[in-house]
Amino acid sequence: MRAIALAAILILAACLTGAAQTAATAGHPPQTSPAPQKKSWFVRLIPPRASFPNDMTEPERKLMEDHYDYWKARFEEGICVFGGPVMDPKGVYGVLAIRAANEDEARTIASADPSVKGGLMHIEVTEMNIAFPPPSASH
């Protein structure tokens, strides 16, 4: 008799626990795993020649205008943290810090730059730890 009473109590407790869990999650979407943490990536844009800023052709200038528009949109989306040209006397090149889940995603983003797609610029992509982000950038 005690065994039957104990079994009934355990079954009742299990039913009440299940009902409480169902009530607690009613109206709430099922929990999903969080989005992967974004990492920071350093992108170096390498122009076709050291004299590039001074002797761009009109088609190259158009690609660079499209390049600027592309990265401005990525900045507004929060993907690009910062970017711009490095005025190295040996040859100007571009740098960007971007946010992406992994290197493949970072390369995909950088490769979609019209100046890269058009074969004008080449890229190098390396993981980066941004120690001092601009005030508007989130970690």
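The values are calculated or read from the model by the stated rules, or taken from the named source; none is laboratory data. Note that the structure is predicted; figures quoted are calculated from it, not measured. With ideal geometry, Cβ positions are generated from the backbone for all residues, glycine too; neighbour counts draw on all protein chains shown.
Data table
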read-out: Qualifying residue in region 58-68 (condition: modelled with pLDDT under 95 and buried (at least 16 other Cβ atoms within 10 Å of the Cβ)); value: no
read-out: Any chance Ile130 is surrounded by 10 or more Cβ atoms within 10 Å (Cβ to Cβ), modelled with pLDDT of 95 or more and of a type in the set (Val, Ile, Thr); value: no
read-out: Residue tally, condition under 18 Å from the mean Cα position of the chain (by Cα) and not hydrophobic (A, V, I, L, M, F, W, C), over region 85-110; value: 7
